[in-house]
Amino acid sequence: MKKVAVLLLMISGTMLFFNSCRKDKGESDVDKLLFKEINQSGYTYYQNGNILPGASASPHGSFKLRFNATADSALDASGELPAGSTFPTGSVIVKEVISAGSISVYAVMKKDPNNLYEGSNWVWAEFQPNGNAIYSSAKSGSDCIGCHSEAPNRDLVRSFDFH
């Protein structure tokens with residue numbers, strides 16, 4: 001009986017240890033790396049960096065949209081992803097939400113189907129300009145995918161069909 005009690009105690013301790021190490025709340029290491037990545041050079045702006053009005057149902061408001069070199073390589077001569085195409089793994093799309101003339105939020109999608117926090121093959125996050133995650137990648141896009149899945153969309157990006 002004593003051996004069973006010790007065994008149960010060891011199992012309980014192991015389960016407690018592994019559950020305490022799960023990253024499913026708050027800011028993740030993925031968030032920190034993603035914020036660093038969106039602040040690197042080499043991004044190309046959609047429509048010459050013009051501020052675009054938010055779609056009527058969009059929670060984002062007016063914005064500029066930019067793509068890293070991987071995402072940009074998938075765009076056609078008009079600067080859009082061709083209908084029926086998908087972005088390659090490693091693509092990063094940054095929506096710079098503009099409020100009162102400056103960036104108020106970075107809404108980010110990174111094509112990373114092997115990421116722990118992916119949702120529909122993308123990692124989704126939103127950041128304040130100072131880098132604080134206001135929508136963590138740990139949520140796996142649970143609040144984003146529904147809208148981004150609506151038609152029309154091109155690999156869950158809706159801006160091409162609205163602007």
Looks like region 114-163, by Cα gyration tensor root eigenvalues a ≥ b ≥ c and the a/c under 1.5 rounded cutoff (else prolate when a/b is bigger than b/c, oblate otherwise), is oblate
Hydrodynamic calc, region 36-91: Kirkwood Rh from Cα pairs, then Stokes-Einstein at 20 °C with viscosity 1.002 mPa s, so D in µm² s⁻¹ is 171
Going by a ≥ b ≥ c, the root eigenvalues of the Cα gyration tensor, does region 63-163 fall in the rounded group (a/c under 1.5), the prolate group (a/b larger than b/c) or the oblate group? oblate
Would you mind getting the accessible area per residue of region 71-118, heavy atoms of the protein chains only, 1.4 Å probe, in Å²? 45
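The values are calculated or read from the model by the stated rules, or taken from the named source; none is laboratory data. As the structure is a prediction and not an experimental result, all values here were calculated from the model. These accessible areas exclude ligands, DNA and RNA; they are computed on the full protein's heavy atoms, side chains included. Shrake-Rupley method; radii C 1.70, N 1.55, O 1.52, S 1.80 Å.
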